Amino acid sequence: MTQYDYDLFVIGAGSGGVRAARMAAGHGVRVAIAEQRYLGGTCVNVGCVPKKLFVYASQFRDQFDSAAGFGWTVGKSTFNWTSLIANKNQEIERLQAVYNGLLQKSGVSIVTGRAQVLDAHTVEVDGKHYSTERILIATGGWPFVPDMPGKQHIVTSNDMFFLKELPKRIIIVGGGYIAVEFASILHGLGVNTTICHRGHKLLQRFDEDICDFLASEMTQKGITIFFNTDITAIESTGDAFVARLIDGNKVTADLVMYATGRTPNSTGFGLEALGVELDSVGAIKVNSDYQTNVPSIYALGDVTNRVNLTPVAIAEGLALVNKLYTSQAIPIDYDTIPTAVFSQPAIATVGLTEAQAREKYPDIDIYKTSFTPMKNTLSGIDEKTLMKMVVVRSTDRVVGLHMVGADAPEIIQGMAVAIRAGATKAVFDATIGIHPTAAEEFVTLPIAVA
Ligand code: NDP
């Protein structure tokens, strides 16, 4: 007789929680997973998946415009937001059903409702108590919005996926992933788009050349970007909103969206009373084995605020299960995580930025190229591509690859394998290109420019 109802009780059925639950169940572990909102979490419901569908929707205008250069005559096109939302909702419901099926098939008990951690081995959901040997917190994060007068008027990315109608003008506050992705989507759909960012560069943690290039491409497309600014108040005029900026200027729009980061979902469900340690932004502190200071409680994914990306949460779920329930623990290499921003043009990157590399190594060579992609020689679209490679001269190791341009995420995903495998510049140079592609530029970068 085992002492507990379950071996592992997972709280949060997002990317990381579901992966951990399914993998653990596959090893014969008795697993339950509690979810209060939607199966699939942020990524499936209000993140990566619907966002990417919106990105596709927003690219058609350019594609229609490009067609004439290739001999096509395209009829008058119109866009229907309601129809996009309905189709998107249908696809998300399909994915939720897939998640449900996968969990059921692997033998995981799904508990619907808000979980409360009562003690180190007990979880309560809707008045029912479940005892468990271990608890895994995978509760993700939630949009953070700073306080300011008029805060009640704003929306966040969560709301954008369910808007009743598309605004004609929008102000987007922030300069991170979500701000630039939504700015590109909305601009592509014909919305007059203004970004208000407190910093002097978009995407501060990315390579500087990449940030500058993206900002100039976005501006050139017609997106207005105000840097070094902040909103002091938002006022409603009845049919619009006026944002007051710190320099006294005002911007008027039909909608104001805040994309100012996300806060870990770590409070209000019992962890404080148990003494689970949080950091200054409320992220759950874990050791390298995802264990909190309460030994039976683990946490992974965005609630630990380390690398807040879906594939990382999934990898952490797998790493935790391997550690706890198998003899082959495989730690994650957090240094070579590729990432993409689905702005237009898109960004993708793996490894060190030039600045990070210069801090770490005394001898850095930079290879760089920017060009008009072949399609745009006839398309009439004035969008360029930038590629950058960061190499340590003494070892010839490629330690960073960065790209802005069409298909960048698809290209860098493949390149990330080479970086992970420790490829040198000589290996890149000895690789035959695929012609004509943009990707071949990465194997034909001749001379260091810095
Ligand atoms: P980010 O951390 O990427 O960006 C937040 C932005 O908001 C920054 O520009 C930041 O400025 C600004 N900001 C923060 N606080 C304030 C404030 N009080 N007032 C004004 N501006 C402020 O967060 P996002 O919300 O864009 O996205 C959250 C996370 O979700 C991302 O970091 C990423 O991990 C993940 N994500 C990943 C995606 C992908 O993989 N493609 C897509 C979308 C999200 P500053 O730079 O000055 O701090």
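Take the solvent-accessible surface of the protein heavy atoms, probe 1.4 Å, and return the percent of it on the chain that carbon and sulfur atoms account for. Don't jump to the answer; show the numbers that get you there.
Details: 11120 of 21160 Å².
Carbon and sulfur atoms account for 53 percent of the accessible area of the chain.
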Just how many % of Cα pairs in the chain lie over 44 Å apart, if you round to the nearest whole percent?
17 percent
Cα-based reach from residue 285 at 23 Å (exclusive), listing lysines while leaving out same-chain residues under 8 positions away
323
If you plug each phi of segment 350-357 into the Karplus form 6.51 cos²θ - 1.76 cosθ + 1.60 with θ = phi - 60°, what whole-Hz ³J(HN,Hα) values come out, in order, with x for Gly and Pro?
9, x, 7, 6, 4, 5, 5, 5
Mind jotting down the distance between the C-alpha centroids of segment 416-450 and segment 1-34, whole Å?
43 Å
Return an integer: the convex hull volume of the alpha-carbon atoms of segment 195-277, in Å³ per residue.
159 Å³
Could you work out the relative contact order of segment 148-270? I mean the mean sequence separation of Cα pairs under 8 Å and 6+ apart, divided by the number of residues, in percent.
34 percent
Restricting to lysines and to Cα separations under 21 Å from residue 360, and discarding same-chain partners fewer than 8 apart, the set is 368, 388, 425
Using a simple spin-label model with points 7 Å from Cα along the Cα→Cβ vector, what separation in nm is obtained for residue 63 and residue 437?
2.1 nm
Rounded to whole Å², per residue accessible area for segment 320-450 with a 1.4 Å probe reads 49 Å²
Ordering 119, 147 by the accessible surface of their heavy atoms, 1.4 Å probe, largest first, yields 147, 119
Choose one of 192, 319, 281: the residue whose Cα lies farthest towards the positive end of the charge dipole of the chain (beta-carbon charges +1 Lys, Arg; -1 Asp, Glu; about the Cα centre).
192
Test of understanding: what is the full-extension gain from residue 90 to residue 328, defined as 0.36 nm times their sequence separation minus their Cα-Cα distance?
81.7 nm
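What is the magnitude of the charge dipole of the chain about its Cα centre, with +1 placed on the Cβ of each Lys and Arg, -1 on the Cβ of each Asp and Glu, and no other charges, expressed in debye to the nearest 20?
On the way: 38 positive and 45 negative charges, 114 e Å.
That gives a dipole near 540 debye.
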Is any residue of segment 168-211 close enough, with backbone N under 16 Å, to a label point placed 7 angstrom from the Cα of residue 356 along the Cα-Cβ axis, and if so, which?
177, 203-211
Hey, what angle do you get for helix 208-221 against the long axis of the chain, alpha-carbon based, 0 to 90 degrees rounded to 10?
70 degrees
For a quick protection proxy, order the peptides 22-32, 427-437, 411-421 by their average other-Cβ count within 10 Å, most packed first.
22-32, 411-421, 427-437
Can you give me the distance in nm between label points at residue 204 and residue 72, each placed 7 Å from the Cα along the Cα-to-Cβ direction?
4.2 nm
Rounded to one decimal in nm, the spacing of the 7 Å Cα→Cβ label points at residue 427 and residue 236 is 5.8 nm
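Where in segment 197-279 are there trypsin sites (Lys or Arg not before Pro) that are in a DSSP coil and have at most 14 other Cβ atoms within 10 angstrom of their Cβ? Don't skip to the answer; put the middle values down first.
Details: sites: 198, 201, 205, 221, 244, 250, 262; in loops: 198, 201, 205.
Answer by residue number: 205.
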Which angle between 0 and 90 degrees, to the nearest 10, do you get for helix 177-188 versus the longest principal axis of the chain when only C-alpha atoms count?
50 degrees
Please give the Cα centre distance for segment 359-400 versus segment 225-239, rounded to the nearest Å.
36 Å
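The values are calculated or read from the model by the stated rules, or taken from the named source; none is laboratory data. Remember, it's a predicted structure, so these values are computed and weren't measured experimentally. Neighbour counts run over all protein chains shown; Cβ positions are idealised from the backbone, glycine included. For the accessible areas, the whole protein counts, side chains as well, though only heavy atoms, and no ligand, DNA or RNA atoms are used. Shrake-Rupley method; radii C 1.70, N 1.55, O 1.52, S 1.80 Å.
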